[in-house]
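Working notes, beginning with the structure itself.
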Amino acid sequence: MSRALTAVMKQEANLLLPTYDRFPVLLERGEGVYLYDSSAKRYLDSLSGIGVNALGYAHPAIQKTIWEQSSKLIHVSNLFFHKYQAELAELLTGISGLDRAFFCNSGTEAWEGALKLARAYGRHVNTNGHKPRTHLLVMENSFHGRTFGSLATTGQKKYRAPFAPLVPGITFVRFNDVADLKKKFNASVCAIGLETVQGEGGVRPVSREFLRTARALSKRTGALLLLDEIQCGLGRTGRYFAFQHFGVKPDIVTVAKPLAAGLPLGAILTTAKVAACFHPGMHGTTFGGGPLACAVAATFLRTLKKERLLAHVSEMGAYFHKRLLELQSRHPQVRTVRGLGLMLAAELDSTDLAKAVVKQMLERGFVINRTNDNVLRFLPPYVIEEKHVDRVISALDKILTANAASPAAAGRPTTRSNQ
C-alpha cells in the first residue's frame with residue numbers, strides 16, 4: 001500500500017462519515033475504458049462508476065464541452081433562463097416520446113420528484129366521487145435510492161429497516177409475479193413503480209407480460225406507470241430506454257447516471273397531462289439543471305447518435321453475454337447469466353465466492369462489483385471492445401478455476417449442496 005493511499009485513508013477515517021466500504025485503491029486518472037491509480041497501475045473498468053461513465057474516460061467531446069462551458073457559466077439559479085435546459089429537454093423528449101422534463105441532481109432526487117408528481121396527479125384527476133388516489137405499488141427486491149421517499153419504495157429490508165418508520169401508503173409486489181400484481185392493484189393506487197431492469201437487485205429485467213399487465217391495469221383506472229431507468233436507461237441496454245424493448249410507454253420515467261457523463265444530473269420525463277399537476281412552488285432544486293451539466297448532457301446524447309453507440313452497445317452486449325454463457329458452461333459455480341445490452345450479471349453459488357472474485361479481479365487489474373450478495377455485475381463503458389471483453393472473461397476463467405481447486409481460499413464450503 002502506497003504512502004499516498006495510506007495518508008488519504010487515514011485522513012478520511014478521521015473526517016468522513018463511515019458510509020462507504022472502499023477498496024484500497026487511490027485512483028488518479030482515466031482514459032478510454034481504463035483507470036490508473038497513484039502507482040500507475042492500470043485497471044480495465046467494467047463498472048464505469050456504477051453506470052455513470054458511459055463514454056469511458058477523457059472522451060474528447062465531453063472534455064471540449066466542459067472546457068468551453070466552464071469558461072462561460074457554470075451555475076445560474078432556476079430563477080433565470082439559460083439555453084441548455086430547453087435544448088436538453090428537447091433531446092430527451094425526442095428520444096423518449098414523452099413531453100416534459102424536470103432536471104435535478106441525482107437519481108434518487110429524480111425518483112423523489114416522480115413520487116411527488118404521482119401523488120399530485122392522484123389527487124388532481126377525477127376520482128368519480130372516491131377519495132383521492134394516493135397508494136403506491138412498488139416492487140420487492142427493488143432499489144430506488146437512499147432519500148426517504150426513494151428508500152420507502154425500495155424493496156430490500158436491509159436498506160429500509162435502520163430508518164423506519166418511512167413514508168406510508170406503499171405496498172410491495174413480487175417482481176414479475178403477475179398474479180400478485182393483479183391481487184394488490186385497486187382503485188386507491190395512484191401509481192405502479194418499478195425498475196425496467198432491477199440493478200442493485202441483481203440485474204433482473206422485467207418480463208414482457210408483467211410490464212404490459214402493469215400498463216393495462218394503470219390505464220384502466222387512470223393510475224400512472226412510473227419507470228426507474230436511472231441505471232438501465234440512456235443507452236445501457238442498446239436502446240435509448242429499456243422500456244423501448246417491450247413496446248410499453250410509461251407516464252413517468254426517471255434517468256440519471258450517465259446523463260451528464262460524470263457530472264451530477266438527473267431528470268424526470270413525463271407527459272404534458274401529468275406535468276400539468278405541478279405549478280411554481282410545488283417542486284424545485286438549487287443546483288439541478290445548471291448550464292454546465294446540461295451542456296455536457298446534450299453533448300453526451302449527441303455523441304451516442306454521432307458515434308452510433310446504441311448499435312455498438314447491442315453488439316458488445318450480445319458478445320459479452322455469449323462469453324459469460326461460455327464461462328458458465330465451464331464453471332458450475334456460475335448459476336445463471338442474465339441482462340440486457342451492457343447491463344449484465346453472472347450469479348454465483350456463494351456470496352463468499354462472489355466477494356473473493358471481485359477482490360481477485362481488482363488485484364489483477366479489473367474493476368467489477370458484487371450486488372445482491374452473490375451476483376457479479378458488469379456495467380462497462382459503451383465504448384468497450386471485444387478485446388476488452390475477452391480479457392475480462394479470461395481473468396474470470398482463471399479465478400474461478402483457481403477457486404474451484406481450492407474452495408477454502410474463497411471462504412467457500414468444501415462440499416456443495418445437492419439442492
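Some notes on this structure:
- Residue among E31, E12, E90 that alone is within 30 Å of L269 (Cβ to Cβ) and of a type in the set (D, E): E90
- Of all residues making up the range 252-269, the number that are in contact (Cβ under 8 Å) with a residue 60 or more places away in the chain, in a loop (DSSP other than H, G, I, E, B) and not basic (K, R): 5
- Residue check, L17 out of contact with any His (no Cβ under 8 Å at 6 or more places or on another chain) and surrounded by 15 or more Cβ atoms within 10 Å (Cβ to Cβ): no
- Listed by first and then second residue, the pairs with beta-carbon distance under 7 Å, at least 6 apart or on different chains, first residue in the range 137-153 and on the phi > 0 side of the Ramachandran plot, second hydrophobic (A, V, I, L, M, F, W, C), are N141/F175; G145/W111; G145/L151.
- Screening the range 149-188 for residues that are assigned to a helix (DSSP H, G or I) and touching an Asp or Glu at 6+ places or on another chain (Cβ under 8 Å) and picking the one that is surrounded by the fewest Cβ atoms within 10 Å (Cβ to Cβ) gives V178.
- Pair list, Cβ < 8 Å and 6+ apart or interchain, from the range 343-355 residues that are within 17 Å of Q198 (Cα to Cα) to residues that are among the hydroxyl-bearing types (S, T, Y) and not in a strand (DSSP E or B): M343/T237
- Residue-level analysis places L166 outside the set of residues that are over 20 Å from L342 (Cα atoms) and touching a residue at least 24 places away in the same chain (Cβ under 8 Å).
- Criterion: in a loop (DSSP other than H, G, I, E, B), in contact with a His (Cβ under 9 Å, 6 or more places away or on another chain) and in the same structural domain as H135 (by TED's automatic domain parsing) - qualifying residue of G247, G238: G238
- Only one of the listed residues (K249, K273, K257) is among the basic types (K, R), buried (at least 19 other Cβ atoms within 10 Å of the Cβ) and over 20 Å from K83 (Cβ atoms). That residue is K257.
The values are calculated or read from the model by the stated rules, or taken from the named source; none is laboratory data. The model shown is predicted, which means the values in this text are computed figures rather than measured ones. In this analysis, Cβ positions are derived from the backbone assuming ideal geometry, glycine residues included, and neighbour counts consider all displayed protein chains.
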